[in-house]
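Asks: Sending over a structure as structure tokens; questions will come in a sec.
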Amino acid sequence: MSQQPEQTAPLTLQILPDGSERVFDGSRRVVIGRDSNQVDVIVSEPRASRVHAALYVSGGAWILEDVSSQGTFVQNTRLTQPMTLPGPVVVRLGHPVDGQELRLVPGARRPNLPPPGQPGHQAQPGQPAQHQAAAPQQPAVQQTPPGFQPSPPPRPVAQPGHPQQPPAPHQQWAQQPGAIPHQTPYVPQHVPAQQPQQPRLGEYTGVYQTAANASTKLRIGRDATNDIVLHDLQVSRFHAELHLRPGGRGFEIVDLRSHNGTFVDGNRVGRSEVREGAVIAIGRHLLRLRNGQLEEFVDTGSVTFSAANLSVLAGPKVLLDDVSFALEGGDFLAVLGPTGAGKSTLMKALTGNRPADRGAVLYNGRDLYANYAELRNRVGYVPQDDILHPQLKVRDALRYAARLRFPPDTAAAEREHRVEEVMAELGLTERAELAVEKLSGGQRKRTSVAIELLTRPSLLILDEPTSGLDPGYEKSVMDLLRRLADGGRTVITVTHSIQSLDRCDRILFLAPGGQTAFFGPPPETLQFFSRGTYAEVFQDLDRAAPGFAKNAFAGSPADHQYVRAPLGAQLSKANGAGPAVAQQAATPAANANPHWAHQLSTLFRRFSSVVIADRRNTLMLFMQAPILGLLMLAVLGSNDLSTTDPVAAKKAGSVLLALVLGATYLGASNSIREIVKERPILTRERAIGLSPSAYVLSKVLLLGLLTIAQAAVLVFLGIVRQGGPGHGSVLSSGQFELFLGVALAGLAAMALGLLISAFVSNADKALTILPVILFAEFLFTGSAFPVNKTPGLAQASYLATAKWGYSAAASTADADVLLGTGCNDTMPEPLPGAKCDATQAHKAGVWWGDMTALSALTVVCIAGAWLAIRPVGQPKRK
Ligand SMILES: Nc1ncnc2c1ncn2[C@@H]1O[C@H](COP(=O)(O)OP(=O)(O)OP(=O)(O)O)[C@@H](O)[C@H]1O
């Protein structure tokens with residue numbers, strides 16, 4: 001190894017996973033991997049081994065040794081033996097192209113390094129990477145080699161008991177009854193004001209020559225044949241093209257009907273001019289046009305995130321009152337507060353689900369609301385309710401979620417790989433074949449988190465993931481979130497799990513009225529409130545006079561140190577980012593969802609899998625029609641639809657009514673809970689771009705098929721002994737025509753059920769409404785009571801699906817003759833007591849009219865359901 005540089009120990013080494021920076025002095029072996037209990041540097045790459053690689057000094061030089069199963073790669077070559085680092089080296093873990101990147105720089109000396117053996121001379125093993133980087137005994141490296149992002153300054157850590165300032169005047173909580181007197185008042189350390197910085201787009205990964213220097217067109221996508229290859233499953237195989245305009249008059253970007261869209265300065269575009277300095281966003285990759293080159297940045301997860309003066313109002317009521325905070329990449333924030341304090345409201349505002357009425361949410365210095373279409377895929381959200389179908393197996397739930405989230409051109413093997421990776425990362429592999437409903441509460445939450453992690457979001461927001469879990473599971477979920485934050489993501493969770501708050505970097509306490517009672521690190525929380533336990537803090541917040549908590553925090557040292565100073569820095573970055581609305585000449589994306597058919601087929605398959613997996617319910621569904629048919633067979637007489645038996649035919653109305661109401665019940669009961677019971681899943685999937693029309697249509701198709709099959713069974717058993725009908729109004733087979741009318745009545749009722757399901761707030765309410773609907777439908781058929789003679793009632797009956805179903809059936813069965821309703825031209829006056837209804841005449845035009853009315857009601861109900869769940873698109877402030 002003659003090329004080894006002459007180095008003498010102790011050496012220092014910089015490792016920069018996700019932009020963070022570590023320094024080691026070479027006095028001991030440094031282990032890299034996923035297992036926080038065994039390694040010094042934790043990496044988030046799921047393909048990395050628990051213990052993946054080691055670094056140590058030998059012969060005065062740093063040695064890199066691979067001990068993994070998936071490999072460590074240097075310049076696309078897998079290490080097969082220990083390698084002496086010749087100088088700065090870029091290493092990838094788990095995959096030569098898109099495995100997690102580490103940059104190893106031997107020889108960068110740490111100033112004022114205490115000699116080995118003295119306390120603080122090196123990082124403590126087993127401590128999370130970010131915490132080590134933040135520890136005060138780890139001064140920042142001052143020698144930053146060219147081409148590397150400087151690391152953020154160390155996070156300030158307050159040191160209770162070692163005040164550096166005189167006691168602050170903010171001690172209102174200490175004056176509350178029962179407060180613990182502190183000899184050392186709560187005084188956070190002083191933080192120097194941060195200088196305004198440029199917004200950081202992501203990790204800088206290189207430069208591409210544009211068309212100006214090569215051909216007139218550059219194709220961008222995931223496929224290896226593109227000019228710019230982006231390794232990201234959010235990117236379509238052939239995603240977009242950068243064109244050099246004729247005569248060299250600048251550039252324009254053309255979206256190639258990509259699944260997740262192409263954005264220029266935050267706006268989704270079909271075709272757009274790209275001016276100097278504009279940022280093209282494709283998946284997690286950002287390409288900035290600078291001096292005829294495209295600079296590439298990747299959002300690898302380490303993003304700042306902040307809320308600035310968020311307020312949410314509901315009429316005169318204030319649900320969230322001027323809440324602000326600031327987080328660094330990799331921070332783990334727990335949000336606490338008494339019931340009704342506004343925690344869920346805050347989560348909805350942070351995710352853009354229900355935007356705040358005032359204030360801003362900043363993702364890496366960019367306004368989340370203004371750039372929602374681009375950024376929504378980088379924010380994972382696990383709501384309070386599970387976003388899972390309980391009947392599906394864990395692996396299947398993840399597979400369908402991947403199909404919906406990744407472009408349709410993603411190979412099955414690529415999706416499978418990611419699904420397996422995520423399951424391995426969350427410890428779900430052993431449960432992969434279990435139905436979600438058989439998992440423990442903690443495992444179910446893990447599965448919900450796994451679905452969100454498929455797209456590698458940089459920010460993960462969870463609403464009470466620990467609710468209903470026993471303390472053991474609570475801890476394991478909080479440990480998991482800690483690990484995810486250590487992997488570089490920013491994690492925010494609402495929790496009541498006070499036993500695990502030490503796992504967090506920051507705590508936000510909300511007081512009733514949605515006011516900030518405290519924001520800061522866990523060790524300072526109890527001291528701020530002058531209380532010994534969190535339970536007492538909850539009690540104090542509940543009892544405090546309105547506005548007291550907010551005033552106690554506003555202007556306190558913690559407010560200055562942990563909110564105002566870092567938020568000020570992030571806001572100045574945001575202001576440096578320029579206007580969010582692109583100034584470029586752009587054609588908006590022609591179709592916001594060009595892969596509608598792919599979504600429809602995925603949703604249809606998922607819905608079918610759910611129905612098949614739910615064996616007991618499906619069996620009951622299939623048994624309903626035969627049971628109703630057999631009852632009709634047993635109760636009704638015979639030859640009631642036969643024109644040759646006038647005595648029996650007097651009961652024809654009962655047969656027709658039983659068939660139509662039977663189909664109405666079956667159709668409506670099939671669908672009336674279908675949307676409402678999936679509401680949390682639908683809400684979440686809508687936010688990631690699910691087409692509501694594809695969703696509704698997937699329900700219509702499967703439930704429609706089921707309803708038609710049920711109608712066939714019902715009609716067959718219902719008329720097998722009835723000796724009719726003979727000739728229909730239109731078809732020669734009156735029996736088949738009767739089936740068509742009854743089936744369409746069932747479909748219309750199914751559509752009505754979906755409409756109700758889209759509007760009600762829970763499945764129980766939907767079931768309560770069902771009998772009311774059926775009773776109204778029965779009355780409006782007019783078979784028992786003459787509704788068509790009463791003004792108002794007659795018009796109202798036109799909205800009843802069963803009325804038109806009954807009319808169509810009566811028209812087919814020739815009710816004029818059977819029931820003597822007297823609407824036939826040859827029978828101008830009805831028989832005494834009979835009711836003439838022109839919609840029941842045995843004429844082709846009348847039957848078509850009835851069927852058209854049924855079809856129109858079906859379409860209106862389906863459209864109504866679609867309108868009720870259609871996406872909000874870019875969040876709108878109310
Ligand atoms: N749309 C609304 N209109 C009026 N008040 C509302 C609305 N939504 C929520 N609220 C009220 O706002 C307050 C905050 O609700 P939120 O669900 O955010 O509280 P929370 O802290 O998450 O409560 P919990 O811990 O019980 O889940 C509650 O008093 C709630 O009743």
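None of the figures in this text is laboratory data; all of them are computed from the coordinates on show. Predicted, not measured: the structure shown is a model, and the values here were computed from it. Backbone-built Cβ (ideal geometry, glycine too); neighbour counts: all protein chains shown.
Asks: Filter the cross-link list K475/K699; K550/K765; K217/K699; K789/K843; K651/K765; K348/K475 down to pairs whose alpha-carbon distance in this structure exceeds 31 Å.
Replies: Long pairs (Cα-Cα over 31 Å): K475/K699; K550/K765; K217/K699; K651/K765.
Asks: Let me ask another. Once a ≥ b ≥ c are taken as the square roots of the eigenvalues of the Cα gyration tensor of the stretch 210-353, is the result rounded (a/c under 1.5), prolate (a/b larger than b/c) or oblate (a/b not larger than b/c)?
Replies: Taking the square roots of the gyration eigenvalues as a ≥ b ≥ c, the stretch 210-353 is prolate.
Asks: Jot down the per residue volume, in cubic angstrom and as a whole number, of the convex hull over the alpha-carbon atoms of the stretch 31-87. Could you put the intermediate results ahead of the total?
Replies: Values: hull volume 5.0 nm³, N = 57.
Residue-normalised Cα hull volume stands at 88 Å³.
Asks: Also: Evaluate the charge dipole of the stretch 364-509 about its Cα centre and quote only its size in Debye, nearest 20, assuming +1 on the Cβ of each Lys and Arg and -1 on the Cβ of each Asp and Glu.
Replies: Values: 22 positive and 23 negative charges, 36 e Å.
Result for the stretch 364-509 is approximately 180 debye, rounded to the nearest 20.
Asks: So, one more: Say each of R78 and N37 gets a label point 7 Å from the Cα, pointing the same way as Cα to Cβ; how far apart are those two points in nm?
Replies: Output for this residue pair reads 2.8 nm.
Asks: Another question, then. Equivalent-ellipsoid semi-axes (√(5λ), Cα gyration tensor) for the stretch 600-755, whole Å, largest first? List each step's numbers first, then the result.
Replies: Working: eigenvalues 258, 45, 26 Å².
Whole-Å semi-axes of the equivalent ellipsoid: 36, 15, 11.
Asks: Within a 10 angstrom radius of the beta carbon, how do Y806, Y56, Y695 rank from fewest other beta carbons to most?
Replies: Values: Y806 32, Y56 17, Y695 24.
Ranking Y806, Y56, Y695 by Cβ neighbours within 10 Å, fewest first, gives Y56, Y695, Y806.
Asks: A further question follows. Over the alpha-carbon set of the stretch 400-554, work out the extent along each principal axis and list the three values in angstrom, largest first.
Replies: 58, 30, 25
Asks: FRET efficiency for R721 and K317, Cβ-Cβ distance as r, R0 = 41 Å, nearest 0.05? Provide the component values of the computation, followed by the final result.
Replies: On the way: r = 63 Å, r/R0 = 1.55.
So the FRET efficiency works out to roughly 0.05.
Asks: Can you order the peptides 424-432, 46-54 by their average number of other Cβ atoms within 10 Å per residue, highest first? Don't jump to the answer; show the numbers that get you there.
Replies: Numbers: 424-432: 17.3, 46-54: 21.4.
The most tightly packed comes first, giving 46-54, 424-432.
Asks: Taking the Cα-to-Cβ direction at R870 and at T618 and moving 7 Å from each Cα, how far apart do the two end points lie in nm?
Replies: Going by the 7 Å Cα→Cβ label model, 3.4 nm.
Asks: Let me ask you something else. Hey, fewest Cβ within 10 Å first, where do D367, D814, D25, D764 land in order?
Replies: On the way: D367 18, D814 24, D25 21, D764 11.
Exposure proxy ranking, most exposed first: D764, D367, D25, D814.
Asks: Report the extension gain between H560 and T225 in nm, rounded to one decimal, defined as 0.36 nm multiplied by the number of residues separating them, less their alpha carbon distance. Can you show the working numbers first?
Replies: Numbers: separation 335, 0.36 × 335 = 120.60 nm, distance 5.22 nm.
Extending this stretch completely gives an extra 115.4 nm.
Asks: Fewest to most neighbouring Cβ within 10 Å: what's the order for H417, H595?
Replies: On the way: H417 15, H595 22.
Fewest to most other Cβ atoms nearby, the residues stand as H417, H595.
Asks: Using a 10 Å cut-off on Cβ atoms, rank the peptides 400-409, 533-542 from the highest mean neighbour count down.
Replies: Numbers: 400-409: 21.3, 533-542: 17.6.
Per-residue mean Cβ counts within 10 Å order the peptides as 400-409, 533-542.
Asks: Can you tally the net charge around L434? Count Lys and Arg as +1, Asp and Glu as -1, for every other residue whose Cβ sits under 14 Å from the Cβ of L434.
Replies: Working: positive: K393, R395, R431, K438, R444, R446; negative: D396, E430, E433, E437.
Once all neighbours under 14 Å are counted, the net charge is +2.
Asks: Report, in whole Å, the centroid distance computed from the Cα atoms of the stretch 230-290 and the stretch 378-457.
Replies: 30 Å
Asks: Just grab the label-to-label distance for E276 and R28, each label 7 Å out from Cα along the Cβ direction, in nm (one decimal).
Replies: Spacing of the two 7 Å Cα→Cβ label points: 5.4 nm.
Asks: Highest mean first, how do 516-528, 853-865 rank when packing is the count of other Cβ atoms within 10 Å averaged over residues? Display every interim value, and only then the final one.
Replies: Numbers: 516-528: 22.9, 853-865: 19.7.
Packing proxy ranking, top to bottom: 516-528, 853-865.
Asks: Against the 2.2 N^0.38 Å scaling, with N counting residues, where does the stretch 315-472 land? I'd like the Cα-based Rg ratio to two decimal places. Display every interim value, and only then the final one.
Replies: Numbers: Rg = 17.0 Å, N = 158, 2.2 N^0.38 = 15.1 Å.
Relative to the rule-of-thumb radius for its length, the stretch 315-472 sits at 1.13.
Asks: Calculated FRET efficiency, T533 and L631, Cβ-Cβ r, R0 56 Å, to nearest 0.05? Walk me through the numbers before you get to the answer.
Replies: Values: r = 63 Å, r/R0 = 1.13.
For T533 and L631, the calculated efficiency is 0.30.
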